[in-house]
Amino acid sequence: MRLKKCFAFVLLSLFCLGAALPAQAADLIKVPTAWLPGQEAFPMWYAKQQGWDKEAGLDVRMYTFDSGADALRAFPAKSWVFGGLGAVPAMLGALRYNMSTIGLGNDEAMANAIMVRADSPILKTKGCNKDCPDIYGSPESVRGKTILCTRVTSADYALHLWLKALGLKESDIVLKNLEQAPALTAFDYNIGDAVVLWAPFTFVGDKRGWKTVATPKDCGKHLPIVLVADTAYAMRYPDVAKSFLTLYLRGVNWLQTAPRQEVIAQFKKYYLELLGQDYSTDLINLNLKTYEFFNLEAQRKLFAVDKGPSEVQQWQSEIAEFFASVGLITQQNLKELGNSAYVTSKYIDLVTPQSVTK
C-alpha cells in the first residue's frame, strides 16, 4: 500500500513539474504564416524572437514571398493559414480561396509610389488634377510611356489611381509586369520610363535619386496591409486565430512603446536575419515615418460594424469597385465580394487589452 502511495506521489510530482515547464516542441501547434519582404512582418518576427508564440502554445512559422500574388499561389495547397498581405491580394484571396481579413498590419498609402528618374519630363507638370494637387504628370507626358509594375498588387492599384487622376487608362501606357526586385534592377539599368514600387524598394529608389510622382495617399486613398486567415481554419480553431492576432498586436504594442534606439536595433536585426537586407539607421527611421501601425484600440474602431460597414470594409470595397471599373475584376466578382463581408471583426474582438500589454 505504501509503495502504491509513493508511486502515486511520484506520478503526481512529475505531472505538476511537467505542467510548470514550458510546452515542449512536440506539444506546440504549428502555424504556417505568409509575409511579404516589408516591415509589416516585424511585430510577428519580434514576438517569435521573444518566444511569445511558445508561451501561447504555438510554433509560428514565417515564410516570405516576393509578392501577394506569389503568396496567393501557395495558399490553396495549405502552405500557410495566416499572414499579412496587401489589400489587393487579400481581396482576390477572398474572391478565389475563401480568405478572411481579420486584422490590420498598417496603412501603406505613402509607401507605394510611382517613381521616375530626376530628369523625367513627367516631373515638369504638377497639379494637373485639382483634386490631387500633389501628383506629377499630365496626359501628354505619360501617354505611351513604359511603366514597370507588379501586377495584381498594391503597386498595381497605386498605378491605376495615378492614371485615373490623369484621365488615362492602362491601354494608354506600356505596362511591363515584373516582381519588385527585378523591376528595381531593370529601372536602375534605364529600362522603362517609370517604376511602381513599395517599401523597402521605394527607399532604395529614393537613395538613388529617383523622384516620386504619386502615391495612393496623394490620390486620397488608404491602402492597408491586412492580416488574413484561411476562413475554414479560423472558424475551426478560433483560439488559434485569437492567439495569432494577440501575438501580432503584442509586437505592435512593444514597437510603439519601446525606446526608439531599441526599436531601431531590432529592426536592423529583423531586416538582416529574415530578409537578408542591411539597413542603415536613416532607412529604418524613414521606414517608421512612412508607415502607420494600428494598436488594438485603433483596430477595434476600424473594424467596428455597429454603425454600418466598418472603415476597413469600406476601404476594401473602394479597392474592389476601382478594380471592377478598370476591368481587372468583373461586375459579377464585385457582387460576389458583397460589400467586403470577408472583412470580419470576429477575431479582433476576442483579443483583450491585457493580453497585448503583458
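Observations
- Taking region 1-98 as the region of interest, the helices (runs of 4 or more DSSP H) fully inside it that hold 1 or more residues being within 25 Å of K358 (Cα to Cα), among the aromatic types (F, W, Y) and modelled with pLDDT of 90 or more are 42-49, 52-55.
- Scanning region 299-314 for residues that are exposed (fewer than 13 other Cβ atoms within 10 Å of the Cβ) and either touching a residue at least 40 places away in the same chain (Cβ under 8 Å) or in a helix (DSSP H, G or I) (or both) yields a single hit, K301.
- Residue check for K130: farther than 23 Å from P37 by Cα, in contact (Cβ under 8 Å) with a residue 12 or more places away in the chain and surrounded by fewer than 22 Cβ atoms within 10 Å (Cβ to Cβ): no
- Some residue of region 336-350 being closer than 25 Å to V240 by Cβ, in contact with a Gly (Cβ under 8 Å, 6 or more places away or on another chain), touching a residue at least 60 places away in the same chain (Cβ under 8 Å) and in a helix (DSSP H, G or I): yes
- D134 in a loop (DSSP other than H, G, I, E, B) and not assigned by TED's automatic domain parsing to the domain that holds G327: yes
- Filtering region 99-127 to residues that are buried (at least 18 other Cβ atoms within 10 Å of the Cβ), of a type outside the set (K, R) and in a loop (DSSP other than H, G, I, E, B) leaves E108, A109, M110, A111, N112, S120.
- Failed item, numbered, when V195 is tested on (1) at pLDDT 90 or above; (2) outside any helix (DSSP H, G or I); (3) under 16 Å from the mean Cα position of the chain (by Cα): (3)
- D218 in contact with a strand residue (DSSP E or B) (Cβ under 9 Å, 6 or more places away or on another chain), touching a residue at least 24 places away in the same chain (Cβ under 8 Å), within 24 Å of M91 (Cα to Cα) and charged (D, E, K, R): yes
- The combined condition, being at pLDDT 90 or above, surrounded by 16 or more Cβ atoms within 10 Å (Cβ to Cβ), assigned to a loop (DSSP other than H, G, I, E, B) and not assigned by TED's automatic domain parsing to the domain that holds L161, is not fulfilled by S317.
- Restricting A113, A183 to those that are of a type in the set (G, A, S), over 18 Å from the mean Cα position of the chain (by Cα) and either over 24 Å from L337 (Cα atoms) or in the same structural domain as P43 (by TED's automatic domain parsing) (or both) reduces the list to A183.
- When K307 is tested against (1) at pLDDT 95 or above; (2) in the same structural domain as R61 (by TED's automatic domain parsing); (3) over 19 Å from K48 (Cβ atoms), exactly one condition is not met: (1).
- Restricting N339, N287 to those that are crowded, with 17+ Cβ neighbours inside 10 Å, farther than 17 Å from L227 by Cβ and touching a helix residue (DSSP H, G or I) at 6+ places or on another chain (Cβ under 9 Å) reduces the list to N287.
- Matching residues, region 171-206, being free of Cβ contacts under 8 Å to residues at least 24 places away in the same chain and surrounded by 16 or more Cβ atoms within 10 Å (Cβ to Cβ): L184, F201, V204
- Those helices (runs of 4 or more DSSP H) lying entirely in region 223-298 with at least 3 residues out of contact with any Phe, Trp or Tyr (no Cβ under 6 Å at 6 or more places or on another chain) and more than 18 Å from P32 (Cβ to Cβ): 238-257, 260-275, 281-290
- Test: L175 is modelled with pLDDT of 95 or more, part of a helix (DSSP H, G or I) and farther than 30 Å from I348 by Cα: no
The values are calculated or read from the model by the stated rules, or taken from the named source; none is laboratory data. In this text the structure is predicted, and so the values were computed from the model without any measurement. Using ideal geometry, Cβ is built from the backbone for each residue, glycine included, and neighbour counts are taken over all protein chains shown.
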